[in-house]
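This report refers to the structure that appears directly beneath it.
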Amino acid sequence: MGRRFEGKVAVVTGAAHGIGKQIAFQFASEGANVVIADYNQEQGAATADEIVSSYARCLFVKTDVSSYSDMEAARKRTIEEFGKVDILVLDAGVAFKNRFQDISLDEWNRTLSINLTGLFTTVKAFIDDLVVSKGSIVYISSGSAASGTGGGVSYPASKAGGEGLIRGLAKEFGPQGVNVNAIAPRLIDTGAMMRVNYPTQEALDAVLSKIPVRRFGTTEDVANLTLFLADKANSYIQGQTILLDGGRTVA
Ligand SMILES: NC(=O)c1ccc[n+]([C@@H]2O[C@H](COP(=O)([O-])OP(=O)(O)OC[C@H]3O[C@@H](n4cnc5c(N)ncnc54)[C@H](O)[C@@H]3O)[C@@H](O)[C@H]2O)c1
């Protein structure tokens with residue numbers, strides 16, 4: 001059997017590190033050419049080098065998703081290098097933990113500019129190419145869009161906004177053959193973002209006891225579902241947000 005994404009081009013924002021990096025690796029391992037759009041020059045270039053040495057072609061473009069001109073430049077480099085775009089993964093994001101009374105307007109604006117406006121700029125830059133390829137968009141949201149978090153409202157507000165955007169795009173571009181869906185992960189152990197919410201071992205143990213599958217999620221869990229949703233074999237799934245939480249929410 002051939003590799004699932006042979007000859008496809010996947011653009012992944014936030015792929016220098018964490019979940020996005022794993023998604024980029026899995027697309028490459030299944031035959032896709034990958035573009036990493038991330039504002040972390042050092043880690044982005046290192047991830048691209050790793051992918052090139054293990055798999056096929058990979059391009060790193062230093063990009064701040066909150067800047068439309070950066071996204072336009074990333075799109076231009078992608079087309080120069082690969083000639084098309086089949087898959088767009090919206091992974092880049094930041095999280096702050098401040099409670100409402102402590103959130104400054106600067107923090108609010110920064111979260112929204114990366115996590116929400118960053119989706120708008122990215123889709124705006126690539127949507128015409130995705131219409132041509134009849135491609136797929138997968139947005140990495142968060143379970144907190146529906147549940148809120150123990151601390152911090154700017155992050156869940158940005159993710160809930162992103163899910164609204166995704167549903168609108170699914171309606172508008174579905175008739176043109178573009179699939180648009182979201183994943184809402186909870187408690188994925190990237191060693192970074194989760195510790196914003198659970199800073200001590202005690203706090204981590206307490207939450208683990210509430211997850212029915214008795215483990216934290218992995219970056220592979222998110223990447224597996226991302227590839228599933230990007231795969232046109234599953235194109236009857238449209239405009240959905242799929243909760244990926246080991247059963248935490250039903251528990
Ligand atoms: N880790 C979790 O438990 C979890 C849970 C739910 C949702 N998520 C979501 O998954 C996504 C990835 O999270 P992660 O845990 O891998 O975090 P991470 O911090 O490891 O990775 C985020 C990546 O996004 C990049 N990035 C941040 N701001 C950017 C910007 N303005 N422009 C371009 N790139 C930017 C970073 O450089 C980094 O490579 C995020 O959208 C996050 O909200 C994570």
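The values are calculated or read from the model by the stated rules, or taken from the named source; none is laboratory data. If you're wondering where the values come from, they're calculated on a predicted model, not measured in any experiment. Cβ coordinates were reconstructed from backbone atoms using ideal geometry, including for glycine residues, and neighbour counts include every protein chain displayed. Just the protein is used for accessible areas: all its heavy atoms, side chains included, with ligands, DNA and RNA removed. Shrake-Rupley method; radii C 1.70, N 1.55, O 1.52, S 1.80 Å.
Condition check ((1) in contact (Cβ under 8 Å) with a residue 60 or more places away in the chain; (2) closer than 20 Å to residue 113 by Cα) across all residues:
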| position | (1), (2) |
| --- | --- |
| 9 | yes, no |
| 15 | yes, yes |
| 28 | no, no |
| 33 | no, no |
| 36 | no, yes |
| 78 | yes, no |
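Restricting to the range 129-149, count the residues that are within 12 Å of the ligand (Cβ to nearest atom) and assigned to a helix (DSSP H, G or I). Walk me through it before giving the result.
First pass over the range 129-149, keeping only residues within 12 Å of the ligand (Cβ to nearest atom): 138-147, 149.
Those left that are additionally assigned to a helix (DSSP H, G or I): 144-147.
Residues meeting the conditions: 4.
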Within the range 55-90, considering residues that are of a type in the set (A, V, I, L, M) and part of a strand (DSSP E or B), the one nearest to residue 155 (Cα to Cα): 90
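Got a sec? Which of 152, 93 is in a loop (DSSP other than H, G, I, E, B), modelled with pLDDT under 95 and either within 12 Å of the ligand (Cβ to nearest atom) or open to solvent by less than 50 Å² (accessible area, probe 1.4 Å) (or both)?
Numbers: 93 fails: modelled with pLDDT under 95.
One residue alone meets the criteria, 152.
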Per-region count, the range 9-42, residues over 24 Å from residue 120 (Cβ atoms), open to solvent by 10 Å² or more (accessible area, probe 1.4 Å) and in contact with a helix residue (DSSP H, G or I) (Cβ under 8 Å, 6 or more places away or on another chain): 6
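With modelled with pLDDT under 95 and more than 14 Å from the ligand (Cβ to nearest atom) as the only criterion, which of 100, 126 stands out?
Numbers: 126 fails: modelled with pLDDT under 95.
Going through 100, 126 in turn, the sole match is 100.
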Hits in the range 98-121 (condition: among the hydrophobic types (A, V, I, L, M, F, W, C) and surrounded by 16 or more Cβ atoms within 10 Å (Cβ to Cβ)): 103, 108, 112, 114, 116, 119, 120
Odd one out for residue 215, checked against (1) touching a helix residue (DSSP H, G or I) at 6+ places or on another chain (Cβ under 8 Å); (2) in contact (Cβ under 8 Å) with a residue 12 or more places away in the chain; (3) closer than 30 Å to residue 85 by Cβ: (3)
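Can you tell me which of 185, 199 is closer than 30 Å to residue 98 by Cβ and at pLDDT below 95?
Values: 185 fails: at pLDDT below 95.
The conditions single out 199.
Which of the residues spanning the range 65-90 are more than 17 Å from residue 139 (Cα to Cα), open to solvent by 20 Å² or more (accessible area, probe 1.4 Å) and near the ligand (Cβ under 10 Å from one of its atoms)? So that I can check it myself, show each step before the final result.
Kept after step one, since they are more than 17 Å from residue 139 (Cα to Cα), are these residues of the range 65-90: 67-70, 72-84.
From what's left, open to solvent by 20 Å² or more (accessible area, probe 1.4 Å): 67-70, 72-73, 75-77, 79-84.
Across the range 65-90, the qualifying residues are 67, 70.
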